Amino acid sequence: MSLDVLYFAWVRERIGLPKEQLETQAATVMDLVEELRAREERYAAAFADISALKVALDQELSEFDAPLAGVREVAFFPPMTGG
Amino acid sequence: MSLDVLYFAWVRERIGLPKEQLETQAATVMDLVEELRAREERYAAAFADISALKVALDQELSEFDAPLAGVREVAFFPPMTGG
Amino acid sequence: MPVRIQAEPFDPGAELNAFSKTASDVGAVVSFTGLVRDVSGGLEVMEIEHYPAMTEPAIEAMVTEAKTRWALADVLVIHRFGHLNAGDTIMMVATASRHRADAFAAADFLMDYLKSRAPFWKKEVTGEGAAWVESKAEDETALERWKA
Amino acid sequence: MPVRIQAEPFDPGAELNAFSKTASDVGAVVSFTGLVRDVSGGLEVMEIEHYPAMTEPAIEAMVTEAKTRWALADVLVIHRFGHLNAGDTIMMVATASRHRADAFAAADFLMDYLKSRAPFWKKEVTGEGAAWVESKAEDETALERWKA
C-alpha cells in the first residue's frame with residue numbers, strides 16, 4: 001500500500017524532510033515505525049522514544065497500535081504546543 | 001451623634017431621597033432601622049424586610065447588629081448587581 | 001490607572017490592546033466584557049446607579065486580593081454608570097499573567113466579586129416598564145468557590 | 001467564519017469589538033489572547049509550525065464540543081503560524097453567551113484543548129539559540145478537568 005508520511009517539529013528536523021511517500025506492508029503504526037527505524041540512523045534517532053511522540057491517521061489523533069488498513073496519511077510529531 | 005444616611009436603588013425610591021443627615025442616639029444599625037421605621041410609612045415600607053437589604057458603614061459592608069460608635073456614614077441598599 | 005468608574009462609553013477593543021501592551025513578560029491576557037443585552041423585539045435600556053465614595057475603594061480591594069492569590073502582571077477594571085443603551089458595554093475586566101491559568105482564575109474571581117460586592121445597582125427599562133435587576137442566589141453560590 | 005488559521009498578524013481589539021457585535025441577546029463576552037512574551041533583556045522570536053490539513057478540522061471539533069457543553073451564542077478562534085516577534089499576539093479565543101459562567105468555562109475549555117490537542121508546535125528563538133517548546137505535564141492535567 002502507498003502512504004503519505006508527514007513529520008512535524010523536531011521529528012521533521014531529525015529526519016530532514018517534512019513529507020514522503022512510502023510503499024509498505026506494515027499492518028499497524030508500530031510496524032511502520034519499526035520499518036522506518038531499520039532504514040537509516042536519522043529515522044532511528046527520530047523514533048528512539050515513541051512515548052515522546054504522537055501519531056495522527058488521516059488527520060485524526062490515533063495510537064501506535066492502530067491498524068493502517070485504509071489509511072492514506074500518517075503524521076508523526078511531538079506533543080502539541082498550541083495556544 | 002450626627003450621621004449621614006444614604007439610600008440606593010429601590011430603597012432610595014421608596015424613601016424618596018438619596019441622602020439625609022440625622023441626629024440619633026442609636027447604638028447599632030438595627031436601632032437606627034427601628035428609629036427610621038417608626039418615623040413614617042415610607043421608611044417602614046423600605047425597611048419592612050431587612051433580609052432583603054445590605055448596610056455599609058463608612059463605605060464598608062457591615063452587619064445590622066454592628067455598633068454605630070464612631071461611624072460617620074451609613075448606607076442602605078439592596079444586594080448589589082454589578083458586573 | 002487600573003480601576004475606572006465612568007459614565008462615558010469606552011471602546012473595549014482599544015482598551016484590550018492598550019492593556020496587552022503595558023506589561024512585559026506577559027503571555028496570557030483574559031478579558032471579560034458585560035453588555036446590555038440587545039433582546040430582539042424588546043429593545044432594552046439600562047440605568048446603573050452606584051455609591052461613588054465606596055465603588056472605587058471596594059473594587060481596588062478586590063484587585064489587591066486577586067493579586068495576592070494569583071501571579072498577575074496587571075489588572076484593568078472599567079465600569080460604567082448612568083444611562084446605557086442596548087448593545088452598550090457595561091463593564092470590562094482584563095487580567096495579564098505569564099500563564100493562562102492565573103489570568104483565567106483572576107478574571108473569573110473578579111467578575112464574581114464585582115457582580116455581588118461592588119456597589120452598583122442595575123435597572124432595566126423595557127417596553128413593559130422599569131425594574132431593578134434582582135441579585136441571584138447563584139451569584140452568592142459562585143462566591144463560595146473562592147473561600148479559603 | 002469562527003475559526004481562522006493564518007500567518008498574518010491580526011488586531012485582537014478590533015476582533016473583540018467585531019465579535020461582540022455579531023450576536024444578539026449576548027450579555028457576556030470572554031476573550032483570551034496569547035502573546036509572545038517580551039522578556040526584558042532577551043528579545044524572543046517565535047516560529048510556529050502547524051499541520052494544515054488537520055488544524056482547522058481539529059479546532060472546529062473542539063468548538064462543536066464546547067457548544068454542546070455550554071449555552072454559547074458565538075465562538076471565535078484565531079491562531080497564527082509562521083514567524084512571530086516578541087509582543088505579537090499568537091492566538092485568540094472569544095466566547096459569547098447570555099451568562100458569564102458559560103462564557104468563562106467555554107473559553108477555559110477551548111484554551112486547554114488548543115494547548116495540547118491542536119496541531120501547532122512552537123519554537124522559541126532567543127539569544128541563547130532555538131528550542132522547541134516542550135509540552136507540560138500540567139497541560140495534560142488541565143484536560144482532566146473536562147472529562148465527563
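Things to note:
- Criterion violated by D:Leu35 - all others in (1) at positive phi; (2) surrounded by 16 or more Cβ atoms within 10 Å (Cβ to Cβ) satisfied: (1)
- Subset of region C:114-148 [within 30 Å of D:Ile90 (Cβ to Cβ), more than 7 Å from every other protein chain (Cβ to nearest Cβ) and either aliphatic (A, V, I, L, M) or surrounded by 21 or more Cβ atoms within 10 Å (Cβ to Cβ) (or both)]: none
- Residues of region C:1-32 satisfying the condition of being among the hydrophobic types (A, V, I, L, M, F, W, C), more than 12 Å from C:Ser97 (Cα to Cα) and buried (at least 19 other Cβ atoms within 10 Å of the Cβ): C:Leu16, C:Phe32
- Residues in region D:27-54 that are hydrophobic (A, V, I, L, M, F, W, C) and more than 10 Å from chain C (Cβ to nearest Cβ): D:Leu43, D:Val45, D:Met46, D:Ile48, D:Ala53, D:Met54.
- Counting only strands (runs of 3 or more DSSP E) that sit wholly inside chain B, those with at least 3 residues that are surrounded by fewer than 16 Cβ atoms within 10 Å (Cβ to Cβ) and more than 10 Å from the chain's Cα centre (by Cα) are B:19-23.
- Filter result for D:Ala7 (out of contact with any Gly (no Cβ under 8 Å at 6 or more places or on another chain), small (Gly, Ala, Ser) and closer than 30 Å to A:Leu17 by Cβ): no
- Considering region C:10-26, and only residues there that are out of contact with any Lys or Arg (no Cβ under 7 Å at 6 or more places or on another chain), at the interface with chain D (Cβ under 7 Å from one of its Cβ atoms) and in contact (Cβ under 8 Å) with a residue 60 or more places away in the chain, the residue that is nearest to D:Leu35 (Cα to Cα) turns out to be C:Ser20.
- Scanning region C:112-144 for residues being closer than 20 Å to C:Asp88 by Cα, part of a helix (DSSP H, G or I) and among the charged types (D, E, K, R) gives a total of 1.
- Any hit, region B:58-67, residues being in contact (Cβ under 8 Å) with a residue 40 or more places away in the chain, farther than 17 Å from C:Pro57 by Cα and in contact with a Ser or Thr (Cβ under 6 Å, 6 or more places away or on another chain): yes
- For region A:21-37, the criterion of being over 26 Å from D:Ala61 (Cα atoms), out of contact with any Lys or Arg (no Cβ under 8 Å at 6 or more places or on another chain) and within 14 Å of another protein chain (Cβ to nearest Cβ) is met by no residue.
- Sole residue being among the small types (Gly, Ala, Ser) and in contact (Cβ under 8 Å) with a residue 60 or more places away in the chain, chosen from B:Ala9, B:Ala26, B:Ala52: B:Ala9
- Count - residues of region A:19-34 that are closer than 13 Å to A:Phe76 by Cα and of a type in the set (D, E, K, R): 2
- Filtered residues of region C:59-107 (kept if assigned to a helix (DSSP H, G or I), more than 13 Å from chain D (Cβ to nearest Cβ) and surrounded by fewer than 24 Cβ atoms within 10 Å (Cβ to Cβ)): C:Glu60, C:Ala61, C:Met62, C:Val63, C:Thr64, C:Glu65, C:Ala66, C:Lys67, C:Thr68, C:Arg69
Each value in this text was obtained by applying a stated rule to the coordinates, not by laboratory testing. None of the values given here were measured: they were computed from a predicted structure. When we count neighbours, we look across all protein chains shown, and the Cβ atoms used for this are built from the backbone with ideal geometry, even at glycine.
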